[in-house]
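The values are calculated or read from the model by the stated rules, or taken from the named source; none is laboratory data. Keep in mind that what you see is a predicted model, and the values were worked out from it rather than measured. We place every Cβ from the backbone using ideal geometry, glycine too, and count neighbours over all the protein chains shown. Just so you know, the surface numbers come from the protein's heavy atoms only, side chains and all, with ligands and any DNA or RNA stripped out. Shrake-Rupley method; radii C 1.70, N 1.55, O 1.52, S 1.80 Å.
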Amino acid sequence: MFEILHEDDTGSRVGRLHTAHGNVETPFFMPVATQGTVKTLKFNEVSHLGFEAVISNAFVLYLRPGIDLIDEAGGLHEFMGWDRAVFTDSGGFQMLNPDFLEKTDQKGVTFRSPFDNSRHLLTPESCIEIQNRLGSDVAMVLDALVPFDSSRKMQEHAVERTSEWAGRCKAAHNNGRQLLFAITQGGTHQDLRERSAAELVEIGFDGYGIGGLSIGESKDEMHAVLSEQTAILPKSKPRYLMGVGSPAELVESISRGVDIFDSTFPTRNARHNEAYTFSGSMNLSRGRFRNHKSPIEEACGCFTCKNHTRAYIHHLLRNHEVTGLSLMTIHNLYFIQQLLKSVRDAIKNNCLTEFKEETLQKLKSEMAGKPGS
Ligand SMILES: [Zn+2]
């Protein structure tokens, strides 16, 4: 269930998503735990950072270690040792990965396991069964994803197949403790996006992912699709932009009415020595930080900044110490949490437009990069 606590006149909202493992205030960002772990962190650290939800990949976990093993452990929450909300992605996104995809037809998607080369047919029904057995709080339908530069005909076909599969997922879903979200497709074609959203809303879901974005299209194209999609998706349901997590793009998307995000971007950037700050990002492995006695960001309240200098982190990163990667991940995720808290406050105070302008200006050096994925 989803409730809106405050909506400003631009259509941005602060709300609350109720799940079987607690409530999560929206807009929120989920760290990615594809393999059942947020890379370099322990779950007490994820929890200490204030995260109330993470997202795992049902299909990857199905391949390894296998659903039987996780089911026997009491489900994914028990297996991982995390008692807050868990989203599971269906595996649809792996369709863009040539290491996984073999073929797609009406029945479903045939994947090759990159682990042992075994072949697996993922159907809408089996994707629901896998997520049901994992016991995630929010399951995603199996959608038909095609590369962003596919022909209009292919995009149209993807929309049709996505709707058909979504209907089959809904029919197969029978878990009252689990929410089921659909995913819109249609590339950058406004009419196809409208059709996709309308057909999925007609079937009826607990929330709507906006899929097929942040996979190579320009920022302007992504922003246009977001504005159009949030204008036609039901206000009473959460909107989830999958795969976006750069600070600037989070702010841009929330200002267009998006509520939920996940991305490997902040954690992967951390592991590539890139630290976020409110005055742009910095690469801590650069020689100029060798002697810096200050924390990554003076005003930051994270564990890393309260206890360590740039010089120390630089030293760890240069020596490939795992603690360095972990400290960087803690800082970047804390930064995202602070950013989202400020965004929620700005929405509640009806000043998101001013906040956005000011923040994007400050993040400018980060803005020079690509949209987060
Ligand atoms: Zn920090």
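Among the listed residues His308, His292, which satisfies the condition of being within 28 Å of Ala33 (Cβ to Cβ), open to solvent by 30 Å² or more (accessible area, probe 1.4 Å) and within 15 Å of the ligand (Cβ to nearest atom)?
Values: His292 fails: within 28 Å of Ala33 (Cβ to Cβ).
Result of the check over His308, His292: His308.
Confirm whether Leu284 is closer than 30 Å to Leu17 by Cα and within 13 Å of the ligand (Cβ to nearest atom). Can you show your working first?
On the way: closer than 30 Å to Leu17 by Cα: no; within 13 Å of the ligand (Cβ to nearest atom): yes.
Judged against the criteria, Leu284 is not a match.
If you go through the range 118-133, how many residues are in contact (Cβ under 8 Å) with a residue 60 or more places away in the chain, assigned to a helix (DSSP H, G or I) and out of contact with any Asp or Glu (no Cβ under 8 Å at 6 or more places or on another chain)?
3
Taking into account only those residues within the range 134-158 that are of a type outside the set (Gly, Ala, Ser) and under 14 Å from Gly209 (Cβ atoms), which is modelled with the lowest pLDDT? It would help to see each step written out before you state the result.
Step one: of the range 134-158, the residues of a type outside the set (Gly, Ala, Ser) are 134, 137-138, 140-143, 145-149, 152-157.
Now restrict to residues that are under 14 Å from Gly209 (Cβ atoms): 138, 140-143, 145.
Numbers: Val138: 98, Met140: 98, Val141: 97, Leu142: 96, Asp143: 95, Leu145: 90.
The residue in question is Leu145.
When you scan the range 313-332, how many residues do you find that are open to solvent by 30 Å² or more (accessible area, probe 1.4 Å) and either touching a Leu at 6+ places or on another chain (Cβ under 6 Å) or not in a helix (DSSP H, G or I) (or both)?
First pass over the range 313-332, keeping only residues open to solvent by 30 Å² or more (accessible area, probe 1.4 Å): 315, 318-323, 325.
In the following step, the residues that additionally are either touching a Leu at 6+ places or on another chain (Cβ under 6 Å) or not in a helix (DSSP H, G or I) (or both) were identified as 319-321, 323.
Within the range 313-332, residues that are open to solvent by 30 Å² or more (accessible area, probe 1.4 Å) and either touching a Leu at 6+ places or on another chain (Cβ under 6 Å) or not in a helix (DSSP H, G or I) (or both) number 4.
Quick one: in the range 155-179, of everything that is among the polar types (S, T, N, Q) and without any contact (Cβ under 8 Å) to a residue 60 or more places away in the chain, which residue is nearest to Leu134 (Cα to Cα)? Spell out the reasoning first.
From the range 155-179, those among the polar types (S, T, N, Q) are 155, 162-163, 174-175, 178; that's our starting set.
Next, from what is left, pick out any that are without any contact (Cβ under 8 Å) to a residue 60 or more places away in the chain: 155, 162-163, 174-175.
On the way: Gln155: 31, Thr162: 23, Ser163: 24, Asn174: 14, Asn175: 11 Å.
Only one residue tops the list, namely Asn175.
Scan the range 134-160 residue by residue and report those that are in contact with a helix residue (DSSP H, G or I) (Cβ under 9 Å, 6 or more places away or on another chain) and assigned to a helix (DSSP H, G or I).
Of everything in the range 134-160, those that are in contact with a helix residue (DSSP H, G or I) (Cβ under 9 Å, 6 or more places away or on another chain) and assigned to a helix (DSSP H, G or I) turn out to be Leu134, Arg152, Gln155, Glu156, Ala158, Val159, Glu160.
Applying the selection to the range 223-259, what residues are assigned to a loop (DSSP other than H, G, I, E, B), more than 22 Å from Phe355 (Cβ to Cβ) and under 15 Å from the mean Cα position of the chain (by Cα)?
Once the filter is applied, which keeps residues that are assigned to a loop (DSSP other than H, G, I, E, B), more than 22 Å from Phe355 (Cβ to Cβ) and under 15 Å from the mean Cα position of the chain (by Cα), the range 223-259 yields only Gly243.
Going residue by residue through the range 104-112, is there one that turns out to be over 19 Å from Lys170 (Cα atoms), under 21 Å from the mean Cα position of the chain (by Cα) and either open to solvent by less than 40 Å² (accessible area, probe 1.4 Å) or modelled with pLDDT of 95 or more (or both)?
No: zero hits.
Kindly provide the set of residues from the range 287-309 that are among the hydroxyl-bearing types (Ser, Thr, Tyr), in a loop (DSSP other than H, G, I, E, B) and either farther than 24 Å from Ser47 by Cα or within 28 Å of the chain's Cα centre (by Cα) (or both), ordered by number.
Step one: filter the range 287-309 for residues among the hydroxyl-bearing types (Ser, Thr, Tyr), giving 294, 304, 309.
Adding the requirement that they be in a loop (DSSP other than H, G, I, E, B) leaves 294, 309.
Within the range 287-309, Ser294 is the sole residue that qualifies.
Can you find, within the range 132-173, the residue that is nearest to Glu202 (Cα to Cα) among those that are among the hydroxyl-bearing types (Ser, Thr, Tyr) and open to solvent by less than 10 Å² (accessible area, probe 1.4 Å)? Give the derivation first.
Step one: list which residues in the range 132-173 are among the hydroxyl-bearing types (Ser, Thr, Tyr), which gives 136, 150-151, 162-163.
Right, trim to open to solvent by less than 10 Å² (accessible area, probe 1.4 Å) and you get 136, 162.
Values: Ser136: 24, Thr162: 13 Å.
The qualifying residue nearest to Glu202 (Cα to Cα) is Thr162.
Residue-by-condition table, conditions (1) acidic (Asp, Glu); (2) in a helix (DSSP H, G or I); (3) out of contact with any Lys or Arg (no Cβ under 9 Å at 6 or more places or on another chain); (4) closer than 30 Å to Met1 by Cα:
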site	(1), (2), (3), (4)
Arg268	no, yes, no, no
Ser285	no, no, no, no
Ala311	no, yes, no, no
Tyr334	no, yes, yes, yes
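Val201: of a type in the set (A, V, I, L, M, F, W, C) and surrounded by fewer than 18 Cβ atoms within 10 Å (Cβ to Cβ), yes or no? Step through it out loud before you land on a result.
Numbers: of a type in the set (A, V, I, L, M, F, W, C): yes; surrounded by fewer than 18 Cβ atoms within 10 Å (Cβ to Cβ): yes.
Spelling it out, Val201 is indeed of a type in the set (A, V, I, L, M, F, W, C) and surrounded by fewer than 18 Cβ atoms within 10 Å (Cβ to Cβ).
Could you tell me whether the range 261-274 includes any residue that is within 19 Å of Ile347 (Cα to Cα), surrounded by 24 or more Cβ atoms within 10 Å (Cβ to Cβ) and not basic (Lys, Arg)? Break it down into steps so the answer makes sense when it comes.
We begin by selecting, within the range 261-274, every residue within 19 Å of Ile347 (Cα to Cα); these are 261.
Retained after the next criterion (residues that are surrounded by 24 or more Cβ atoms within 10 Å (Cβ to Cβ)): 261.
Next cut, not basic (Lys, Arg) only: 261.
Within the range 261-274, one or more residues are within 19 Å of Ile347 (Cα to Cα), surrounded by 24 or more Cβ atoms within 10 Å (Cβ to Cβ) and not basic (Lys, Arg).
Filter the range 333-354 for residues that are open to solvent by 10 Å² or more (accessible area, probe 1.4 Å) and in contact (Cβ under 8 Å) with a residue 60 or more places away in the chain; which is nearest to the ligand (Cβ to nearest atom)? Talk me through it step by step, then tell me what you get.
Looking only at the range 333-354, we keep the residues that are open to solvent by 10 Å² or more (accessible area, probe 1.4 Å), and these are 334, 337-338, 341-342, 344-345, 348-351, 353-354.
Those still in the list that are in contact (Cβ under 8 Å) with a residue 60 or more places away in the chain too: 334, 337, 344, 348, 350, 353.
Numbers: Tyr334: 5, Gln337: 11, Arg344: 20, Lys348: 25, Asn350: 29, Thr353: 27 Å.
Only one residue fits best here, namely Tyr334.
Filter the range 29-54 for residues that are of a type in the set (Gly, Ala, Ser) and outside any helix (DSSP H, G or I) and give the result.
Of all residues in the range 29-54, those of a type in the set (Gly, Ala, Ser) come to 33, 36, 47, 50, 53.
Answer for the range 29-54, where residues must be of a type in the set (Gly, Ala, Ser) and outside any helix (DSSP H, G or I): Ala33, Gly36, Gly50, Ala53.
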